[in-house]
């Protein structure tokens, strides 16, 4: 079942007259993990933010369950944001360094749910348990946690509102290689248990190949190739995709 459909989405940075997202269109189906790959600066993160209305767009539509999110008034968009979340690339800058972890997670429930402080505390502890962290993290500042622990907090925050769709924007690229596999395994375990839908953004083709059902290749703000991971990686049609695969092969050879 189609969960989201993006149609002719366009985002232009007016100052530089550059189209970071240029007429992009695709569908995301419920329960799948759709990968998005491309070199740095091709528009992947801008596309992610455009889908969630974290940045303005000049044209296009983002249909979620048949309704165009880009036509929603702010009040209605605030309500629907509970169902659409994002995990950012840098787990440190995405957290307020002055706010302790328990407070940061509890803030989600203060904004979106009218529950008692005691109930909020229980929900926060349950979230930490879900992502493999203990109660000892509640009073910690982000600077007191490791990169992997901070990203687990970011994942917990994205899960707090029980979303249906999560954009994973390079969620392991800033982590040590030894930690990356742990976070990927956590994300896929959660996706399976909660039947979530992911748009998984990465420049690492090996990560995309290992976890995604389908993949899209982005170049210069456009989707230039898409299909199953096997189709795209085993028999790429575009020279750009061939170049990405060649570069990845050279890196790991």
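Read-outs: derived from the displayed coordinates by stated rules, not from any lab. All figures in this text were calculated on a predicted structure; none of them were measured in a lab. Counting neighbours? That spans all protein chains shown, and the Cβs are built from the backbone with ideal geometry, glycine included.
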Pairing the Cα long axis of helix 117-130 with the longest principal axis of the chain, what angle in degrees results, from 0 to 90 and rounded to the nearest 10? 50 degrees
Please work out the Cα center distance from region 114-186 to region 10-73, rounded to the nearest Å. 25 Å
If we sort 1-8, 215-222 on the protection proxy, mean other Cβ atoms within 10 Å, highest first, what's the order? 215-222, 1-8
Values of log10 I(q)/I(0), in the order q = 0.10, 0.11, 0.15 Å⁻¹, for region 66-175 under a Debye, Cα-only, solvent-free model: -0.30, -0.36, -0.65
Report the full-extension gain for the segment residue 189 to residue 71: residue separation times 0.36 nm, less the Cα-Cα distance, to one decimal in nm. 39.1 nm
Rounded to 5, percent antiparallel among DSSP beta bridges of region 168-253: 75 percent
Nearest 10 degrees is fine. How inclined is helix 101-112 to the longest principal axis of the chain, computing both from alpha carbons? 80 degrees
Starting from the Cα gyration tensor of region 1-40, take the square roots of the eigenvalues, sort them a ≥ b ≥ c, and report rounded, prolate or oblate (rounded when a/c is under 1.5, otherwise prolate if a/b is larger than b/c, else oblate). oblate
Determine, for each peptide in 102-112, 155-165, the mean count of other beta carbons within 10 angstrom over its residues, then list the peptides with the highest first. 155-165, 102-112
Using per-residue counts of other Cβ atoms within 10 Å, averaged over each peptide, order 197-206, 123-132 from highest down. 197-206, 123-132
D_trans [Stokes-Einstein, Kirkwood Rh over alpha-carbon pairs] for region 109-236, 20 °C, 1.002 mPa s, µm² s⁻¹: 130 µm²/s
Cα pair distances of region 1-158 binned at 10 Å [whole percent]: 9, 32, 31, 23, 5, 0
